[in-house]
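In what follows, a structure is listed as structure tokens, so that the remarks can point back to it.
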There are 2 protein chains.
Amino acid sequence: MKWTTHCAAVATAMFVVTSLCLSPAGRADDAASPVFGVRLPEGYRDWRVISVAHEAGSLNDIRAILGNDIAVKAYREGTRPFPDGTIIARVAWKYVPSDENNAAFGQAQSFVPGPATNVQVSVKDSKSYADTGGWGYGQFEGGKPNPSEALMKTCFDCHTRANKAYDFVFTHYAP
Amino acid sequence: MKWTTHCAAVATAMFVVTSLCLSPAGRADDAASPVFGVRLPEGYRDWRVISVAHEAGSLNDIRAILGNDIAVKAYREGTRPFPDGTIIARVAWKYVPSDENNAAFGQAQSFVPGPATNVQVSVKDSKSYADTGGWGYGQFEGGKPNPSEALMKTCFDCHTRANKAYDFVFTHYAP
């Protein structure tokens with residue numbers, strides 16, 4: 001009994017230490033992205049539209065780029081670099097023809113969202129993410145972060161290809 | 001002087017009568033659509049996203065379909081017919097390739113919004129618009145209603161081609 005109590009105490013202590021050590025970096029946190037520890041922001045689906053886009057090729061998706069209040073304000077006012085607290089959520093769905101709409105229009109012209117693919121989240125925090133231009137990243141599938149560290153390491157490499165004047169962001173505001 | 005005063009009174013009365021007679025139908029109202037008297041809703045660009053789409057062919061646009069709170073609630077809960085007060089705003093932009101994104105990706109794959117084309121607004125009011133399935137319509141270019149009565153008369157004809165179960169609406173909710 002004494003041994004069991006001792007073990008339980010040690011196990012609890014180990015759990016606490018592990019959580020304290022690893023949660024801030026997101027490594028022991030199932031809800032946060034690897035490398036950056038970015039979480040899917042609550043209520044992001046209610047955010048305002050920054051823009052929309054279609055990516056053809058292997059992605060073959062149609063997407064809405066949404067922003068929290070700080071992001072939308074910065075976009076509308078042209079503030080660059082984006083202020084800390086900016087969060088951009090790119091929501092994407094498979095790009096599929098709408099047979100229903102095409103039948104109504106009498107021709108094949110309509111492409112709409114199919115199943116959701118993933119949500120990519122960019123968080124501006126110039127101190128926490130100083131090594132990646134002030135941006136932390138996450139990719140979420142079915143609400144869960146993609147666990148690949150290798151994938152996360154491609155985020156900033158790709159975003160460095162965006163026009164520098166836009167602070168490592170591809171999307172422009174669509175008025 | 002007496003005549004002038006009389007004339008002014010008559011002119012004022014005529015203005016009031018004209019306004020009273022014509023404003024509700026929108027015909028004497030520069031801010032409202034012909035036939036339906038629908039106005040561009042204040043703050044519509046801040047509304048939540050119902051879905052996105054690409055229409056090819058002669059439209060050649062990329063679009064966001066936004067909804068007021070009543071619309072989004074009805075969409076998320078599957079309420080049909082849509083309740084009175086529902087407003088859906090379809091915002092469209094020219095569909096253009098993004099040379100900037102394509103250069104970053106190393107291939108032609110990215111299509112984004114160009115200049116705004118128009119905003120189409122559907123308003124549910126089962127009493128006012130009983131003859132058109134409960135829907136009133138407007139099309140706005142540069143913030144102003146398209147003044148064509150003929151154009152407005154095509155709205156409901158087209159929307160009758162939508163699946164009846166969706167209450168004369170083409171767009172489905174993209175989760």
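Here, each number is a calculation from the coordinates, and none is a lab measurement. What you see is a predicted model, and the numbers here were worked out from it, not measured in a lab. Cβ: placed from backbone, ideal geometry, glycine included. Neighbour counts: every protein chain shown.
Under a plain spin-label model, where a point goes 7 Å from the Cα along Cα-to-Cβ, how far apart in nm are residue B:94 and residue B:164?
Placing both labels 7 Å along Cα→Cβ, they lie 4.1 nm apart.
In nm to one decimal, list the spacings between the residue B:96 label point and its equivalents in the other copies, with label points set 7 Å along Cα to Cβ, shortest first.
In nanometres, ordered from closest: 3.1.
Quick one: net charge of residue B:62's neighbours, Cβ under 12 Å, K/R +1, D/E -1? Before the final figure, lay out each step's value.
Working: positive: A:63, B:63, B:90, B:94; negative: A:55, B:55, B:61.
Local charge sum for residue B:62: +1.
Considering only the label points, 7 Å along Cα→Cβ from Cα, what distances in nm to one decimal separate residue B:31 from the same position in each other copy, shortest first?
4.4
Write down the radius of gyration of segment A:73-159 and its Dmax, each obtained from C-alpha positions, in Å.
Calculated on Cα positions, Rg and Dmax stand at 17.5, 55 Å.
Looking at this model, which pairs from B:124/B:153; B:73/B:144; A:124/A:164; A:94/A:164 are more than 18 angstrom apart at the alpha-carbon?
Values: B:124/B:153 16 Å; B:73/B:144 28 Å; A:124/A:164 15 Å; A:94/A:164 29 Å.
As for pairs spanning more than 18 Å Cα to Cα, those are B:73/B:144; A:94/A:164.
Can you tell me, using C-alpha contacts under 8 Å and at least 6 residues apart, the relative contact order of segment A:31-166 as a whole percent?
Numbers: 254 pairs, mean separation 34.7, N = 136.
25 percent.
Hey, for residue A:142 with labels 7 Å out along Cα-Cβ, what do the inter-copy distances come to in nm, ordered shortest first?
5.1
Can you run phi through the Karplus equation (6.51, -1.76, 1.60; θ = phi - 60°) for segment B:141-157 and list ³J(HN,Hα) in whole Hz, with x for Gly and Pro?
Values per residue, Gly and Pro as x: 10, x, x, 10, x, 5, x, 7, 5, 4, 4, 4, 6, 7, 4, 5, 3 Hz.
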